[in-house]
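The values are calculated or read from the model by the stated rules, or taken from the named source; none is laboratory data. Not measured: the values here are computed from a predicted model. When we count neighbours, we look across all protein chains shown, and the Cβ atoms used for this are built from the backbone with ideal geometry, even at glycine.
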Amino acid sequence: MPSLFDPVRAGDLALPNRIVMAPLTRNRAPGAVPTALMAEYYAQRASAGLLVSEGTAISHQGQGYADVPGLYSPAQLQGWKQVTDAVHARGGRIVTQLWHVGRVSHVELQPGGQAPVAPSAIAAKTKTFLIRDGAGGFADTSTPRALEAQELPGIVADFGRAARSAVREAGFDGVEVHAANGYLLDQFMKLGANQRTDAYGGSIENRARLLLEVMRAVAEGAGPGRTGIRLSPITPANDIHDPDPQPLFEYVVRQLAPLGLAYVHVIEGATGGARELPDRPFDFDALRRAYREAGGQGAWMVNNGYEGASAQQAIEGGADLVAFGRSYIANPDLVERLRTEAPLNKPDRATFYGGGAAGYTDYPSLQAG
Ligand code: 8OZ
């Protein structure tokens, strides 16, 4: 039986263990430019099999929260280069999460103070995070405008360009497309946010079209063996819903199979919450089988509330990688702690979003403590 601590391949990436740091929004990049403090934070966690960066906007329009980093200006790419250099110096591997928030944004964060964009002009009943006069706080998202079909090639191109510069200029080992948690690509896939009547709405094929165009562009930009994707078939995060997710997501993974991706990352249940949702049944094993039966050879990465024992069970049940979120906020040496069954530090919710080193780079590792 494979163990959580055994090496594994994910496309072109050779990983020394199966423990992944999940993408985690921390809002510590003023002006969307990554800092030296972020380099220290990621480098502290370099013993993970793979680090996935926090969601990183592919364009100004893709930005939905204060002080989240971007990947579209030279200063942002340079800022990320110091992060990837620091991780590599500690022997780690890091991919960046390519993010367009769609309707989960606010006019204050958008270019020219315009409305955020979405498949349809339906507001999400959810909050974004703004910083006003130095103080962070949550605010209702703004009502979006529906994207014109002729704008979509520009968004696909933004994803492709961000993927290319992530690998070629910012020094990332690869990229993960954020197609989860009610952001733009998830909005296009799910009927609760997509009521379009053109080639990007209606049937499953149409609703998956933008995602698949993006995946082809990103795989071309970063290389397919350096490209992953994150999906969340049933999460209610950011007010997203689809009445029939099983055939939708089985179609999506079957279409992804021939692309030769590094990995497929699946959030099982409500993001950061319940793994089982009584009103949203879903068979995650069937999803993996659909991908494998279609010839998909990427690593299968699972996420949501795993601990050491349940993660090992998941590996024995057919997963290749397990991504840990909140435990990685508080435990820079999570691999060592899981290996030795040491107690875990508890994350402090008050310092999740925004701020400085406190609750960010000051969680002790076993050696220091
Ligand atoms: C928490 C706060 C803000 C953003 C996600 C990128 O849910 C996020 C996110 C999480 O994927």
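Scanning the stretch 215-251 for residues that are part of a helix (DSSP H, G or I), within 16 Å of the ligand (Cβ to nearest atom) and surrounded by 22 or more Cβ atoms within 10 Å (Cβ to Cβ) yields one hit, Asn238.
Candidates Asp283, Asp244, Asp320: the one that is farther than 22 Å from Pro2 by Cα, out of contact with any helix residue (DSSP H, G or I) (no Cβ under 8 Å at 6 or more places or on another chain) and among the acidic types (Asp, Glu) is Asp244.
Scanning the stretch 351-361 for residues that are more than 14 Å from the ligand (Cβ to nearest atom) and either among the hydroxyl-bearing types (Ser, Thr, Tyr) or at negative phi (or both) yields Gly356, Ala357, Ala358, Tyr360, Thr361.
For the stretch 162-191, a residue qualifies if it is touching a Leu at 6+ places or on another chain (Cβ under 9 Å) and in a helix (DSSP H, G or I), and the qualifying residues are Ala162, Ala163, Ser165, Ala166, Leu184, Leu185, Asp186, Phe188, Met189.
If the condition is being touching a residue at least 24 places away in the same chain (Cβ under 8 Å), in contact with a Phe, Trp or Tyr (Cβ under 9 Å, 6 or more places away or on another chain) and under 19 Å from Pro153 (Cβ atoms), then the stretch 195-211 contributes Arg196, Tyr200, Gly201, Glu205, Arg207, Ala208, Leu210, Leu211. In summary, Glu307 fulfils each of the numbered conditions (1) surrounded by 14 or more Cβ atoms within 10 Å (Cβ to Cβ); (2) at negative phi with the single exception of condition (1). Would you check if Ala290 is loosely packed, with under 14 Cβ neighbours inside 10 Å, at negative phi and modelled with pLDDT of 95 or more? It is false that Ala290 is loosely packed, with under 14 Cβ neighbours inside 10 Å, at negative phi and modelled with pLDDT of 95 or more. Per this entry, Val83 is counted among residues that are on the phi < 0 side of the Ramachandran plot, part of a helix (DSSP H, G or I) and of a type in the set (Val, Ile, Thr). Return yes or no: is Asn194 in a loop (DSSP other than H, G, I, E, B), under 26 Å from Ala163 (Cα atoms) and in contact with a Gly (Cβ under 7 Å, 6 or more places away or on another chain)? So Asn194 passes the test. Restricting attention to the stretch 172-208, the residues that are under 19 Å from the mean Cα position of the chain (by Cα) and among the polar types (S, T, N, Q) total 2. Exactly one residue among Gly296, Gly318 is at positive phi and not basic (Lys, Arg), and that residue is Gly318. Cβ separations smaller than 6 Å between residues 6+ apart or across chains give the following pairs from the stretch 102-119 residues that are under 20 Å from Gln150 (Cα atoms) to residues that are part of a helix (DSSP H, G or I): Gly102/Leu184; Gly102/Gln187; Pro111/His60; Ala118/Gln187; Pro119/Gln187; Pro119/Phe188. Out of the residues in the stretch 315-337 that are touching a residue at least 40 places away in the same chain (Cβ under 8 Å) and more than 19 Å from Ala10 (Cβ to Cβ), state the one that is surrounded by the most Cβ atoms within 10 Å (Cβ to Cβ). Looking at residues that are touching a residue at least 40 places away in the same chain (Cβ under 8 Å) and more than 19 Å from Ala10 (Cβ to Cβ), I get Pro332. Take Leu4 and decide whether it is part of a strand (DSSP E or B), touching a residue at least 40 places away in the same chain (Cβ under 8 Å) and crowded, with 22+ Cβ neighbours inside 10 Å. The answer is no for Leu4. Here the condition is being among the β-branched types (Val, Ile, Thr), buried (at least 21 other Cβ atoms within 10 Å of the Cβ), farther than 20 Å from Gly160 by Cα and within 13 Å of the ligand (Cβ to nearest atom); of Val52, Val104, it holds for Val104 alone.
Please find, within the stretch 143-194, the residue that is farthest from Pro224 (Cα to Cα) out of those that are small (Gly, Ala, Ser) and loosely packed, with under 15 Cβ neighbours inside 10 Å.
Within the stretch 143-194, the subset small (Gly, Ala, Ser) is 146, 149, 154, 157, 160, 162-163, 165-166, 170-171, 174, 179-180, 182, 192-193.
Filter once more, so that each one left must be loosely packed, with under 15 Cβ neighbours inside 10 Å: 149, 154.
Details: Ala149: 26, Gly154: 21 Å.
Among residues in the stretch 143-194 that are small (Gly, Ala, Ser) and loosely packed, with under 15 Cβ neighbours inside 10 Å, the one farthest from Pro224 (Cα to Cα) is Ala149.
Within the stretch 337-346, the only residue that satisfies the criterion of being touching a Phe, Trp or Tyr at 6+ places or on another chain (Cβ under 8 Å) and either within 18 Å of Met38 (Cα to Cα) or of a type in the set (Lys, Arg) (or both) is Arg339.
Please pick out the residue among Gln187, Gln195 that is closer than 26 Å to Ala237 by Cβ, among the polar types (S, T, N, Q) and within 16 Å of the ligand (Cβ to nearest atom).
On the way: Gln195 fails: within 16 Å of the ligand (Cβ to nearest atom).
Criteria check complete, one pass: Gln187.
For the stretch 47-70, a residue qualifies if it is part of a loop (DSSP other than H, G, I, E, B), over 18 Å from Val117 (Cβ atoms) and under 18 Å from the mean Cα position of the chain (by Cα), and the qualifying residues are Ala48, Gly49, Ala66, Asp67, Pro69.
Would you confirm whether or not the stretch 121-142 contains a residue that is crowded, with 21+ Cβ neighbours inside 10 Å, under 24 Å from Leu191 (Cα atoms) and away from the ligand (no atom under 13 Å from the Cβ)? Please lay out each step first, then the result.
First, the residues of the stretch 121-142 that are crowded, with 21+ Cβ neighbours inside 10 Å: 124, 128, 141-142.
With under 24 Å from Leu191 (Cα atoms) added as a condition, the list becomes 124, 128, 141-142.
Still in the list and also away from the ligand (no atom under 13 Å from the Cβ): 142.
Yes.
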